[in-house]
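Contents: one structure, followed by commentary.
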C-alpha cells in the first residue's frame with residue numbers, strides 16, 4: 001500500500017477485512033502454528049498461543065482446580081476454549097472454568113460463559129486488547145478474571161472491572177466469589 005503524495009505513510013492504516021462468526025469458525029476454528037485467533041467485532045485478531053515456557057502455569061492451575069469441590073462435582077477447566085462474549089464476538093481465554101451445570105449443556109449451539117477466566121500476559125500482548133477483553137468478560141457474566149504476568153511473577157485478580165487485587169510472592173490469589181477453595185500464592189503459581 002502506498003500513501004498519496006499529500007499523506008504521510010505513518011498515519012496510513014491497513015484496510016480491515018470484516019468476517020462473520022460463521023466465516024471465522026470455518027477458517028480459524030482449528031488453526032494452529034503457534035497462534036490463536038479471536039474475533040473482535042468482525043475483525044480477526046492473531047496472538048501467540050501459550051508456549052512451553054508458560055506450561056508450568058497451566059499445570060499449576062490444573063493441579064489447583066482438581067482439588068476443588070467444583071471439580072469433584074463435575075466442573076471443568078479448559079485451556080484456549082472458544083467462548084462467545086457477545087454476538088459475533090469469539091474469545092479464547094488461556095484458561096476458563098465452567099460449573100457442572102454449564103458442562104452438562106455445553107455444545108457449539110449452546111456456548112456457556114465461564115465463571116472464571118485467566119489470561120497469561122506475554123510481551124506480544126497489546127494492553128488495549130487485554131483491557132477490552134477484560135471488560136467483555138465482565139459484561140458477559142464472568143465473575144473473576146486473573147491477568148497472569150510471568151515476566152514479573154504477578155497476578156492481577158479482578159472481581160469487577162474496577163476491583164483488582166495484586167498478588168505477588170506469598171500473597172494469595174483467590175477464585176472467590178466464583179470458586180471456593182481455589183487459592184494459590186503467586187510463588188506457587190509460578191513454580192516450575
Selection count, region 175-192, where residues are under 19 Å from residue 121 (Cβ atoms) and either in contact with a strand residue (DSSP E or B) (Cβ under 8 Å, 6 or more places away or on another chain) or in a strand (DSSP E or B) (or both)
5
Among (1) more than 11 Å from the chain's Cα centre (by Cα); (2) assigned to a strand (DSSP E or B); (3) within 20 Å of residue 70 (Cβ to Cβ), there is one condition residue 165 misses while meeting the rest; what is its number?
(3)
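On the basis of being in contact with a strand residue (DSSP E or B) (Cβ under 9 Å, 6 or more places away or on another chain), in a helix (DSSP H, G or I) and at pLDDT 90 or above, does residue 112 make the cut?
For residue 112, the condition - in contact with a strand residue (DSSP E or B) (Cβ under 9 Å, 6 or more places away or on another chain), in a helix (DSSP H, G or I) and at pLDDT 90 or above - is not met.
Surrounded by 21 or more Cβ atoms within 10 Å (Cβ to Cβ) and at pLDDT 95 or above: is that true of residue 178 in this structure?
Considered against the rule, which asks whether it is surrounded by 21 or more Cβ atoms within 10 Å (Cβ to Cβ) and at pLDDT 95 or above, residue 178 comes out as no.
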Conditions: (1) part of a loop (DSSP other than H, G, I, E, B); (2) modelled with pLDDT of 70 or more; (3) over 20 Å from residue 122 (Cα atoms); (4) touching a strand residue (DSSP E or B) at 6+ places or on another chain (Cβ under 7 Å). Residue 16 meets all but one. Number of the miss?
(2)
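The values are calculated or read from the model by the stated rules, or taken from the named source; none is laboratory data. This one's a predicted model, so the numbers in the text were calculated from it and none came from an experiment. Virtual Cβ from ideal backbone geometry, glycine too; neighbours counted across all protein chains shown.
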